[in-house]
Amino acid sequence: MSSDQRRQIISERFASGELPTYVQARIFSGRGTGHTCDCCGGVIDAREIEYEIELPDGRTVASHIACWLEWAALSQSSADDPSAAEWLHRGQKRP
């Protein structure tokens with residue numbers, strides 16, 4: 001999948017609300033386990049790194065690293081607070 005295709009799919013899922021605005025979350029990573037990426041819909045196989053993002057509402061999102069970065073960037077661009085860039089990129093709580 002090209003980066004433009006990935007960006008388009010994630011943008012559509014973000015706009016529809018399937019992917020919430022990325023906020024404070026716990027993130028775990030490891031070898032792919034065959035889960036479907038909740039961002040792009042592709043399979044995260046054992047040759048890839050799988051991110052599991054635990055959202056504050058209890059949901060867990062599985063994602064490729066490239067997809068998570070795109071999702072975080074979309075969330076950042078939609079954030080009202082321009083200082084969100086650094087904490088959002090690092091996946092940390094806002095001070």
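Each reported figure results from applying straightforward, stated rules to the coordinates on display, with no laboratory input. Quick caveat, the model's predicted, so the values are computed rather than measured. Here the Cβ is made from the backbone with ideal geometry for all residues, glycine too, and neighbour counts use every protein chain on show.
Restricting segment 39-62 to residues that are in contact (Cβ under 8 Å) with a residue 12 or more places away in the chain and assigned to a strand (DSSP E or B) leaves a set whose member that is farthest from Arg26 (Cα to Cα) is Ile49.
The residues in segment 1-38 that are in a helix (DSSP H, G or I) and touching a Gly at 6+ places or on another chain (Cβ under 8 Å) can be counted, and the count is 1.
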